[in-house]
Amino acid sequence: MPIRAYIELLKLRIGAMIALSAVMGYLAIARPPRLADIAALAVATVLASAAASVFNHVYDRDIDALMQRTRRRPLVTGAIPGIASPLLLAGLLLVAGLGLAAAAFNPVVAAHLLAGALVYAVVYTVWLKRRSWLNIVFGGAAGSFAVLAGGAASDPGHWLLPLLLAVTLFLWTPSHFWALAILLKEDFARARLPMLPVLVGERRAAQAILANSVLLVASAAAPWALG
């Protein structure tokens, strides 16, 4: 079994960042934080994120073959033959992540992690990525749900601060991804993906990044108002 190829499907670097977002949501509420909770939350989040990432590899294997950045992914090169085993892996990872979240914390945490996985796999990958420049805008909600999961892992009743942090993460995603899309504009154009710089050019995309970044900074200041 090509273990290394399957590990690549998990996008563990992205999963680690999403897990960190969940932990930050937890630490914003937990008094005092518990190391066991942090570990369980991180593992559950990585599992749910990995499930969505595997599905993304499966669904996007056709356009991945067209882009320099992704043409060496396992389902493109044939390092993993077929899609049955990756889809099974995605299902098992999702069940494991949600099960751990519900058992270690509460159903609200599991629901947030499920929502995040569905946003990435369905809203972003299946629905918007190939159809609208808003793809990454709403796709960014996937990480925001991780922050909400972290807050709920401490106390589902204290939701305002995690919500404000989730909004900040939501606004962070377009700015950084549009900047990446400017760098990889030719790649996205080759795959006929409607990323903002492909549709409106680099100058207008940079203006959108600036406008979004102003909103991002404003949102980052909002939690201070809670005292």
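The values are calculated or read from the model by the stated rules, or taken from the named source; none is laboratory data. All of these numbers come straight from a predicted model, not from anything done at the bench. Heads up, the Cβs are rebuilt from the backbone with ideal geometry, glycines too, and the neighbour counts pull from every protein chain shown.
Residue-level check: of (1) surrounded by fewer than 21 Cβ atoms within 10 Å (Cβ to Cβ); (2) touching a residue at least 12 places away in the same chain (Cβ under 8 Å); (3) assigned to a helix (DSSP H, G or I); (4) not aliphatic (A, V, I, L, M), Glu186 misses just (2). For the residues Leu47, Leu75, Leu27, the requirement of being touching a Leu at 6+ places or on another chain (Cβ under 6 Å) and of a type in the set (A, V, I, L, M, F, W, C) singles out Leu47. Restricting attention to segment 111-160 and to residues that are within 24 Å of Tyr26 (Cα to Cα) and in contact with an Asp or Glu (Cβ under 8 Å, 6 or more places away or on another chain), the residue that is surrounded by the most Cβ atoms within 10 Å (Cβ to Cβ) turns out to be Ala153.
Considering only residues in segment 24-59 that are in contact with an Asp or Glu (Cβ under 9 Å, 6 or more places away or on another chain) and at pLDDT 95 or above, the one that is surrounded by the fewest Cβ atoms within 10 Å (Cβ to Cβ) turns out to be His57. For Val95, indicate whether it is surrounded by fewer than 20 Cβ atoms within 10 Å (Cβ to Cβ) and touching an Asp or Glu at 6+ places or on another chain (Cβ under 7 Å). Judged against the criteria, Val95 is not a match.
The set of residues in segment 43-80 being more than 22 Å from Ala96 (Cα to Cα) and of a type in the set (S, T, N, Q) consists of Gln68, Thr70, Thr77. All conditions but one from (1) surrounded by fewer than 18 Cβ atoms within 10 Å (Cβ to Cβ); (2) among the small types (Gly, Ala, Ser); (3) part of a helix (DSSP H, G or I) apply to Ser21; the one that does not is (1).
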